[in-house]
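In what follows, a single structure is set out as structure tokens and then discussed.
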Amino acid sequence: MWPGNVGGRCAVGHQFVAAAKESAPGVGAGCRRMIELQVLRAFEVRRDGDVVSLPPSAQRLVAFLAVHERPVHRDLVSGSLWLESTERQADTSLRATLRQLGREGRPLIDAKGRLVRLEPDVAVDLHDARHRARAVLERVGTSAGDIDRLCLAGELLPGWYDDWVLVERERFRHLRLHALDALCEALTLAGRYAAAVVVGRAAVDSEPLRESARRLLIQAHLAGGDRDEAIYQYRDFRGLLASELGLTPSAQLTALVAPIPIR
């Protein structure tokens, strides 16, 4: 069955780093140094486990390329990152930033020709989370690692307010939430109630006013025989909806707990 090999908890730690080290080309053979890039929850670059300090302009360039994943034309990069500059000034700033990054030792960026991209073997947490979310939505199989990564994946570049960040942040948020919904429902149908609850809670924590997530969490609790928690989730959502939006839960959600006395 599709979710049959999934665990029932969100692990805390560095699963992404460990997985990246296992899959990165040349790691363990002494031929390349491991570089990990984090853009979820915070921005951080690590080389062989040590944090690499980058100036703000370099951080923005590295993050921009991480978000786009595929090679990006220089003009788009410079025009997006140096909006208030002339085309010539923006191109000069890009070249200066690339030179600055080149002095960091092992390069992060491949900037040959007019296309710019991250080096292919830089491990990016966002890429990993996107891949896992899409795999869940396409029903191609999942694992305990998928649950951990999707539950723990936080906001893209929190505290950054560039237009390109806001667009991609919202896009990733929707992808992750849809994947959590699909995974919660599949785990419930498969009888993996503990895992379904973990996933459902992650979705609710991300969007407390989102009824579809709350409904799937309540269904997981009811399927697992935990009527008290199902009622608690309904009451919590009902109170939050009333105080924040002046609304009431839908008839579909209310029907789930209708057989249970609710004060």
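The values are calculated or read from the model by the stated rules, or taken from the named source; none is laboratory data. All values reported here derive from a predicted model rather than from experimental measurement. Neighbour counts run over all protein chains shown; Cβ positions are idealised from the backbone, glycine included.
Tell me which residues, restricted to the stretch 142-200, are small (Gly, Ala, Ser), more than 12 Å from the chain's Cα centre (by Cα) and surrounded by fewer than 22 Cβ atoms within 10 Å (Cβ to Cβ). Correct list: 143, 144, 145, 159, 182, 186, 190, 191, 194. Residues to consider are 123, 111, 129; find the one that is more than 16 Å from the chain's Cα centre (by Cα) and either at pLDDT 90 or above or among the basic types (Lys, Arg) (or both). Only one candidate qualifies: 111.
Taken over the stretch 44-72, the criterion of being outside any helix (DSSP H, G or I) and among the hydroxyl-bearing types (Ser, Thr, Tyr) is satisfied by 53 alone.
Looking across the stretch 35-45, the residues that are at pLDDT 95 or above and either crowded, with 21+ Cβ neighbours inside 10 Å or more than 13 Å from residue 162 (Cβ to Cβ) (or both) come down to 36, 37, 38, 39, 40, 41, 42, 44, 45.
Taken as a whole, the structure places residue 187 among residues that are part of a helix (DSSP H, G or I) and either in contact with a Gly (Cβ under 9 Å, 6 or more places away or on another chain) or hydrophobic (A, V, I, L, M, F, W, C) (or both). Of everything listed in (1) farther than 21 Å from residue 36 by Cβ; (2) surrounded by 15 or more Cβ atoms within 10 Å (Cβ to Cβ), the single unmet condition for residue 112 is (2). Restricting attention to the stretch 202-218, the residues being surrounded by fewer than 20 Cβ atoms within 10 Å (Cβ to Cβ) and either touching a Ser or Thr at 6+ places or on another chain (Cβ under 7 Å) or part of a helix (DSSP H, G or I) (or both) number 4.
Annotation note: Cβ proximity below 7 Å between a residue of the stretch 71-89 that is free of Cβ contacts under 8 Å to residues at least 12 places away in the same chain and surrounded by 15 or more Cβ atoms within 10 Å (Cβ to Cβ) and a residue that is among the aliphatic types (A, V, I, L, M) and assigned to a helix (DSSP H, G or I) (sequence gap 6+ or interchain) occurs for 79/90. When residues in the stretch 96-105 are screened for being touching a helix residue (DSSP H, G or I) at 6+ places or on another chain (Cβ under 9 Å) and either loosely packed, with under 14 Cβ neighbours inside 10 Å or polar (S, T, N, Q) (or both), 3 of them pass.
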